[in-house]
Every structure is written in structure tokens, then in C-alpha cells.
Amino acid sequence: MIEMENVYKTFERKGIKTTALKGINLKVNKEDIFGVIGYSGAGKSTLIRLVNYLEKPTKGYVLVDGQRLDQFNAKELRVVKKKIGMIFQHFNLLESKTIFQNVAMPLILSKKSKDDIQRRVMELLEFVGLSDKAESYPNELSGGQKQRIGIARALASRPSILLCDEATSALDPQTTQSILDLLKRVNKEYGITIMIITHEMGVIQEICNKVAVMEKGEIIEQGSVLEVFGQP
Ligand code: ADP
Ligand code: ADP
């Protein structure tokens, strides 16, 4: 579960202040695929980065599973961050590493045994349908395949939350559909809460049950997709 209580975020650069978020309140439940939609500059990335604690709120609170992130010490925060996986528009794979090594990275960093890593990575590659690509390099994969690997890597440390930052924006419609189908499976089969930021209405209508519409740092509407957008 993710909650935000009256969250503000102001950036200051060379004396110029930009308020990216202005009093955000939201609640994402465990079973949700929660979409955040808005134009470029609305504050979507800032919002999602606060959930991962890559940014700290200037004011207000972010809670994960009922606990305020600002109340954790560094060690506790590392544990919480493991609960949160993230995928990106441009996949962010390491080009010099094989697919296996990319997916294994979070497990290597958390010092899992070689056998555990081998088993877990192959299980994940199977789940995303790319077990035959273990020894390939990212530049040998299509965009859709790269995003599948991004998803496998994000799931490696068994998160309870998956954050998706414009995860299908670089993909064609057909590939987008297959990634959205995979995300639905992540949500249903593993019970992982999904939060998606996008500027694409189609993505929201295809997989989200809840949506928040952002404009200029504020949520101007929030509710079920049906309530907010009516019948498709
Ligand atoms: P979106 O993801 O909806 O495009 P962002 O969250 O990236 O919106 O940006 C919201 C606003 O905050 C923009 O005006 C942007 O320029 C500003 N902003 C975001 N990150 C920073 C930063 N690190 N420093 C200064 N301004 C920022
Ligand atoms: P095990 O300890 O045997 O792996 P679990 O109950 O942890 O059993 O999970 C059963 C299966 O579900 C695992 O083999 C794994 O593939 C998958 N799984 C469970 N949780 C996650 C998660 N957070 N991310 C990815 N896969 C998961």
C-alpha cells in the first residue's frame, strides 16, 4: 500500500524555485494497478520518485505499507526499497552485461548465493518468456524484449510494489499490449501492487483500475477509471 499525505515538492536551482507537487493526497491499495496520467511537466516523475525515496518531500508524508518513509534509518530504508521495483521508458539495462547478468544484478548486490541466483534468474526469464536470451546482450534484443528484461530485473528481489515510469512510451502499440498483458500477470499472479505513470490514455484504460489525473503539480481528479473517464 502506498499513501501520500499533503505532499509538496519544491526544487531550487540557481535561486529559481519550481514547485513540482502541490498538496498531493493519494492512496494506492495492495491489489491496485494505479495509473497517474498528465501532460509533460505535470509532476508525474517527481511523484513516483518520492515513492522510491529517490526524492524527499519538502512537506507532507509518503507511507509504504502504513509506515512513513522519513521515519526509517538508512538500514531500514534499504529494506523498504527492496520492496519496490521500478521499470523505465528506456529500460536502463547495462549494455556491457548479458541478459542473465542484468537480471542477476539486484541479487548479486544483496549477496545471494550463486545457486540461488542461477535458479531465481532462470525462473524470472521463464516468467517473461525469454529464457533463451540469457547469454545475449541488450543490443541484440527488441524494445519489447528489453522491457521484459527490465521487468524480470525489477522482480528479482521479490518486491511488493512495481513502479512503471512511462514503461511503454518507447514501444509500438502491439508491443505495448504485450507488456501490459505481462504487467497484468505480475499484478494477478504475484499480488504485486503496480503504479504506472503515463501520458497515454490507452494504457490507463487497458490495465488500470484506479487513476489520478495530474495537472501543474496537483491531482485534479482521482477515482476508479470508470468514475473518472466514464465508459470507454
Ligand atoms: P512529468 O513527469 O509529469 O513530466 P516532472 O515531475 O518531471 O513532470 O516535472 C515537474 C516539474 O518539476 C517541472 O516543471 C520540472 O521542470 C520540475 N523538476 C523536476 N525535477 C526537477 C529537478 N531535479 N530540479 C528542478 N526542477 C525539477
Ligand atoms: P519460493 O520460496 O519457493 O520461491 P514463494 O512463495 O516465495 O516460494 O514464491 C513462489 C513463486 O512465486 C516463486 O518461485 C517465484 O517465482 C514467484 N514469486 C513470488 N513472489 C515474487 C515476487 N515478488 N516477484 C517475482 N516472483 C515472485
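Where strands (runs of 3 or more DSSP E) fall entirely within segment 129-226, those with at least 1 residues that are surrounded by fewer than 16 Cβ atoms within 10 Å (Cβ to Cβ) are at 210-215, 218-224.
If you go through segment 61-117 and keep only what is assigned to a strand (DSSP E or B), farther than 25 Å from Q145 by Cα and not charged (D, E, K, R), you end up with Y61, V62, L63, V64, Q67.
L183 meets each of the listed conditions (1) over 15 Å from the mean Cα position of the chain (by Cα); (2) under 18 Å from H90 (Cα atoms); (3) within 13 Å of ligand 2 (Cβ to nearest atom) apart from (1). Number of residues in segment 27-51 that are touching a Leu at 6+ places or on another chain (Cβ under 8 Å) and within 16 Å of ligand 2 (Cβ to nearest atom): the value is 1. Within segment 12-52, the residues that satisfy the criterion of being at positive phi and open to solvent by 20 Å² or more (accessible area, probe 1.4 Å) are K14, G15, G23, G41.
The values are calculated or read from the model by the stated rules, or taken from the named source; none is laboratory data. Everything numeric here is computed off the predicted structure, so don't read it as measured data. Using ideal geometry, Cβ is built from the backbone for each residue, glycine included, and neighbour counts are taken over all protein chains shown. In case anyone asks, the SASA skips ligands and DNA or RNA and just uses the protein heavy atoms, side chains included. Shrake-Rupley method; radii C 1.70, N 1.55, O 1.52, S 1.80 Å.
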